[in-house]
Amino acid sequence: MPLYEYYCDPCDGIFETLRPIREASDPVPCPVCDRDARRIMPTSFTAFTFRDGYPRKLPDKGTYWHLGKEVKKRVTGGMRPNEHPELNKRRPPQRKSKGEISVEKEKAQLRDKERKKMLSSGVRPSGRHLPKSLRK
Ligand SMILES: [Zn+2]
């Protein structure tokens, strides 16, 4: 028997039921309130995270549904579209390339050189920018 999806208006929830094809379009009693639920097209709701404004998946276990998969928490910022922290592992932070590292090293060396030049020419950079050991 094929699996069909039904939507219950009073509960604002959807559920799935196995039914013979010829009965597929007949209403099915909702597992929660026992009222007639009408059939919806498969996958028409599966692209949502259910709950909070979206239909609930019945029977309601207090979980959320993300792209048809059950999760415990809702997506909270910082994820790519259509990803969920419980379903998609976070990618490791991007490492700096060799080029970037050598550029940073060079900048630090130049900064150091500049400071030494200033010190030797008698110009004292303002105290805030000096390391503690050089302050009077
Ligand atoms: Zn219901």
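Below are the figures for this structure:
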quantity: Length added when fully stretched, Leu3-Ser97, from 0.36 nm per residue minus Cα-Cα; calculated: 28.8 nm
quantity: Lysines whose Cα lies under 24 Å from that of Lys116, excluding same-chain neighbours fewer than 8 positions away; calculated: Lys105, Lys107, Lys132, Lys136
quantity: Estimated inter-spin distance, Arg80 and Lys113, nm [label 7 Å along Cα→Cβ]; calculated: 4.1
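Only the coordinates and a few stated rules stand behind these numbers; no lab work does. Bear in mind that the values here come from a model prediction, so they are computed numbers and not experimental data. Cβ atoms come from the backbone with ideal geometry, glycine included; neighbour counts cover every protein chain shown.
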